[in-house]
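S.K.: If you scroll down you'll find the structure; I have some questions about it.
Laboratory data are not the source of any read-out in this text; all were calculated from the coordinates shown. Worth saying up front: this structure is predicted, and the values here are computed from it rather than measured. Every residue, glycine among them, receives a Cβ derived from its backbone with ideal geometry; neighbour counts consider all protein chains shown.
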Amino acid sequence: MKVLTIDQIREADRFTIDNEPVASIDLMERAALALFEWFKKRLQPEQTVQIFCGMGNNGGDGLALARLLINNGFQVMTHIVLYGPTNSSDFRTNLERLRDIRFASITEIGPETVFPVIEKGHLVVDCLFGSGLNKAVTGFVAGLIEHINDSGAVVVSVDMPSGLFADKPTELLKKHVVRADYTLSFETAKRSFLVPENELYVGQWEVLPIGLHHEYLRDVKVDNYLISRQEIRQLLKNRQKFSHKGSFGHSLILAGSFGKSGAAVLSAMACLRAGTGLLHIHTPISSAVALQVAVPEAMLSLDPDDTVVSRLPHLGPFNAVAAGPGLGMDEQTAKVIRLLIQESKLPLVLDADALNILSENKTWLSFLPAGTIITPHAREFERLAGGWKDSFERIEMQREFSERFKLFVVFKGAHTCISTPGGDCWFNTTGNPGMATAGSGDVLTGIITGLLAQNYSPFEASLTGVYLHGLAGDFALDSQSHESLIATDIIAHLGHAFNALRLEE
């Protein structure tokens, strides 16, 4: 799914109006109907709804929603916030339609108005500004936003939480941004939904389709995407009846050091569950017993050193290589990573200590094979690329890093961001906070490696691996809690994730 900029969304509206064709007021009605269907499923008949409408099209959406709710028996108080001298024609049309309803409650809020009482049991709908905001909220409207935030009521923002920018960081007094419990976005997610600093304001977000013209959505050029289930389903490879283990590739994982055998175990188990036909783990002698007991399906390539990986095995038999989980940063291990970078012609995944070694030897980055996948968390990427002021800057740094070094960067976290050598960013839509647990990253490394060995391209393996990893974590949550979920739960539910992707919706 494409993530459009605000300018592109406006153009999509115009294109739809001109080419469907449809009148702009009817397109607004379509949006209001989508909102109404969402609210109808969740509202109690006796619950009071307070809708705060600005003077633009976002306010027009709110007025149309108020009319639909009142006509279906809901209790609605509509407030028009007079922050400017003009309003849109569609706003005026919907205001006239609402005034034609006998029992409609409409009040106006201006600079001298006492704000309406909002009880905790009320539902507040924020239609003040929408996605078109381009400057800080000031004056009495800032006070109204603070009043809404202090009310304790559930808040639903339409299109965008008022006060928040859609495509850039919001450097404002945070009390002047609506803290939404839910944000309902039309047709596409906004970039602001995908960064951690906005979580408090966006809440749980959903995309409501409103039928913008398919030709525009198909042809518009973007460089940000959401990973959808349909896209991943199309990437999955099917197995043939007469396949054998050699048909599904031979993986090599360089992992483990004294006291860190668990990381090697987790990455090995995940690699096998992701479908690799054969797996070798190159590991120190001290990790041998733990691996043979925990992962009997894996073969061992034992390093001559007892505690660290000190030698690079022959790479000839393998189809994909990963390095990093539990590897440590011994000087001998660093030399192994350098040799791996220099000698490998195979698809390569670098994680954890392999990235930490790279961050201390940044000149090696230029020698990484094109298409290498690196899977840093925030601190690891900061060591590699430097710091950033906000997540918008970090995303652009990540994009440039991928382009410069021809890498796939899998920046781990909520909405894991995958940047490509071509400069695109793909944001994941699966996963949950329970996956912020020890070993979760080692599992992801194993999954991606197993997919690479099966001849998925680095792009396909990155997207599919991240989506499956998150989806397995979501299935694990059905029998666990955010607190109790651990990395092995993710591995245990990989089969469920694969099966779910293959089911027709």
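S.K.: Expressed as a rounded percentage, what relative contact order does the chain have, with Cα pairs under 8 Å and six or more residues apart?
M.R.: That works out to 12 percent.
S.K.: Same structure, new question: Need one number: % antiparallel among DSSP beta bridges in the chain, to the nearest 5.
M.R.: Here the antiparallel bridges make up roughly 10 percent for the chain.
S.K.: Provide the per-residue ³J(HN,Hα) series for region 58-63, in order, calculated from phi with Karplus coefficients 6.51, -1.76, 1.60 and θ = phi - 60°, each as a whole number of Hz, with x at glycine and proline positions.
M.R.: Each residue's phi maps through the Karplus curve to give 5, x, x, 4, x, 5 Hz.
S.K.: Cα gyration tensor of region 382-432, axes a ≥ b ≥ c as square roots of the eigenvalues: rounded (a/c below 1.5), prolate (a/b > b/c) or oblate?
M.R.: oblate
S.K.: Now, a different point. Name the long-range amide H neighbours of Val76: under 5 Å, sequence gap of 5 or more, or other chain; modelled H, no Pro or chain starts.
M.R.: Val49
S.K.: Can you list residues from other chains, or at least 5 along the same chain, whose modelled amide H is less than 5 Å from the amide H of His282?
M.R.: Distant-sequence amide H within range of His282: Ile253, Leu254, Ala255, Ser301.
S.K.: Separate question: Given H placed 1.01 Å from N in the peptide plane, which residues other than close sequence neighbours of Trp205 have an amide H under 5 Å from its amide H?
M.R.: For Trp205, the qualifying residues are Thr183.
S.K.: Would you work out the relative contact order for region 6-222, in percent, from Cα pairs under 8 angstrom that are 6 or more residues apart? Please report the intermediate quantities before stating the final value.
M.R.: On the way: 401 pairs, mean separation 42.1, N = 217.
Relative contact order comes out at 19 percent.
S.K.: Along Cα→Cβ, 7 Å out, is where each label goes; now give me the distance between the ones at Asn238 and Glu400 in nm to one decimal.
M.R.: Inter-label distance under the simple model: 4.6 nm.
S.K.: Would you kindly derive the ³J(HN,Hα) couplings of region 70-83 from the backbone phi angles with the Karplus curve 6.51 cos²θ - 1.76 cosθ + 1.60 (θ = phi - 60°), listing them in order in whole Hz, with x for Gly and Pro?
M.R.: Going residue by residue, I get 4, 5, 10, x, 8, 8, 10, 10, 10, 10, 9, 9, 8, 9 Hz, with x marking Gly and Pro.
S.K.: Short version: ³J(HN,Hα) in whole Hz for each residue of region 344-352, in order, from phi by Karplus 6.51 cos²θ - 1.76 cosθ + 1.60 (θ = phi - 60°), x for Gly and Pro, what are they?
M.R.: 3J(HN,Hα) across region 344-352, in whole Hz: 6, 10, 9, x, 10, 10, 10, 9, 6.
S.K.: Right, another one. Do the sum for the chain: with -39,500 (n - 2.57) for every DSSP H run of n ≥ 4, divided by all residues, what is the mean residue ellipticity at 222 nm, to the nearest 500 deg cm²/dmol?
M.R.: One gets -12000 deg cm²/dmol as the mean residue ellipticity at 222 nm.
S.K.: Now, a different point. Select from region 427-505 those chymotrypsin sites (Phe, Trp or Tyr not before Pro) which occupy a DSSP coil region and have at most 14 other Cβ atoms within 10 Å, ordered by residue number.
M.R.: The qualifying sites: there are none.
S.K.: Follow-up. What GluC sites (Glu not before Pro) in region 48-130 are in a loop by DSSP, with at most 16 other Cβ atoms within 10 Å of the Cβ?
M.R.: Qualifying residues, ordered by number: Glu112, Glu119.
S.K.: Within region 188-296, which chymotrypsin sites (Phe, Trp or Tyr not before Pro) sit in a loop by DSSP and count at most 15 neighbouring Cβ atoms inside 10 Å? Numbers along the way, then the final one.
M.R.: Numbers: sites: Phe193, Tyr201, Trp205, Tyr216, Tyr225, Phe242, Phe248, Phe258; in loops: Phe242, Phe258.
Listed in order of number, the matching sites are Phe242.
S.K.: I've got another one for you. Scan the chain and report its longest stretch carrying no trypsin sites (Lys or Arg not before Pro) that are both in a DSSP loop and have at most 10 other Cβ atoms within 10 Å. Each step should come with its number before you reach the end.
M.R.: On the way: sites that count: Lys41, Arg102, Lys120, Lys135, Lys221, Arg239, Lys241, Lys345, Lys389.
Segment 390-505 is the longest.
S.K.: Number of Lys pairs in region 6-222 with C-alpha atoms less than 26 angstrom apart, excluding same-chain neighbours closer than eight positions?
M.R.: 15
S.K.: Provide the FRET efficiency to the nearest 0.05 for the Lys120-Thr86 pair, computing r from the beta carbons and using R0 = 45 Å. Let's see the in-between values first.
M.R.: Details: r = 35 Å, r/R0 = 0.78.
Efficiency for this residue pair is about 0.80.
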